[in-house]
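Here, each number is a calculation from the coordinates, and none is a lab measurement. In this text the structure is predicted, and so the values were computed from the model without any measurement. Cβ placement follows ideal geometry from the backbone for every residue including glycine, while neighbour counts extend to all protein chains displayed.
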Amino acid sequence: MRHAILILAHKNIGQLCRLAGYFEKACDVFIHIDKKQSVTREEEEKLRSYKQVKVVSREYDVNWGGTSVLESEMHLLRMGVQRSDADYFHLISGQDYPTRPLDYFLEFFDRNAGKEYIGYLHLPHPNWEDNTFRRLQYYYPYDYAAEKRNPRGWVREQVRQQQVKRAKRPIPDEFDHLYGSSQW
């Protein structure tokens with residue numbers, strides 16, 4: 001069984017190298033490093049030197065909470081589908097690090113072959129009551145906030161202005177149900 005490990009990274013190249021090295025067998029590794037991150041040619045070559053690393057990309061300037069996170073994830077997924085015959089795709093951050101040996105990870109998926117591990121909630125949901133439709137109904141311009149003095153405060157003010165103006169985006173009628181989940 002083969003695994004594609006999709007890694008979104010934004011700092012600490014040494015940690016990222018250790019993480020790439022961990023997935024040394026039965027794994028294809030695809031890495032996207034935030035375009036804003038300073039990476040030397042030597043560091044990038046070190047990452048590429050691992051035989052399991054299939055792609056090291058710097059396509060997107062990734063902003064927390066912005067659509068750029070999704071764009072970079074989709075980029076990694078496209079690369080994974082094109083360049084790997086993986087049975088499972090795993091999204092992790094460059095700051096993650098497994099707590100068990102790789103063999104434990106591989107054996108778990110061998111024992112549970114064919115099972116999917118995607119969690120979601122039907123919306124609205126009591127655990128998400130404060131934020132159920134908020135991210136859908138209001139535009140959160142995180143991709144434009146990075147240069148602001150207080151980026152998160154600036155985004156909160158942009159959302160507040162939309163609320164004051166009653167500028168909600170409608171939930172499209174073609175959706176029978178909406179679902180939500182954690183990114184990770």
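The table for this structure:
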{"item": "Degrees, to the nearest 10: 151-164 long Cα axis against longest axis of the chain", "result": "40"}
{"item": "Relative contact order for the chain, counting Cα pairs under 8 Å that sit 6 or more residues apart, in percent", "result": "24"}
{"item": "Anisotropy class of the chain from Cα gyration tensor, a/c 1.5 cut", "result": "oblate"}
{"item": "Cleavage-rule hits (GluC sites (Glu not before Pro)) in the range 1-58: DSSP loop, at most 12 neighbouring Cβ within 10 angstrom", "result": "Glu24"}
{"item": "Acute angle (nearest 10 degrees) that the helix 102-111 long axis makes with the longest principal axis of the chain, alpha-carbon atoms", "result": "70"}
{"item": "Partner lysines for Lys36 [C-alpha distance under 20 Å; skip if fewer than 8 residues away on the same chain]", "result": "Lys11, Lys46, Lys148"}
{"item": "For the range 3-111, with +1 on Lys and Arg beta carbons and -1 on Asp and Glu, the positive-most of Leu70, Gln15, Gln82 along the dipole", "result": "Gln15"}
{"item": "Extreme residue, positive dipole direction of the chain, given options Gln52, Ala167, Gly94 (C-beta unit charges)", "result": "Ala167"}
{"item": "Computed magnitude of the charge dipole of the chain (debye, nearest 20; Cβ of K, R +1, Cβ of D, E -1)", "result": "680"}
{"item": "Fraction of beta bridges assigned by DSSP in the chain that are antiparallel (%, nearest 5)", "result": "15"}
{"item": "Nearest-ten-degree value, helix 13-22 long axis tilted from longest Cα axis of the chain", "result": "60"}
{"item": "Cα gyration tensor category, rounded, prolate or oblate, for the range 1-110 with a/c compared to 1.5", "result": "prolate"}
{"item": "Within the range 3-111: Cβ-based charge dipole about Cα centre, in debye rounded to nearest 20 (Lys, Arg +1; Asp, Glu -1)", "result": "220"}
{"item": "Cα centroid separation, the range 52-91 to the range 5-29 (Å)", "result": "13"}
{"item": "Computed [θ] at 222 nm, deg cm²/dmol, the chain (DSSP H ≥ 4; -39,500 (n - 2.57); rounded to nearest 500)", "result": "-10000 deg cm²/dmol"}
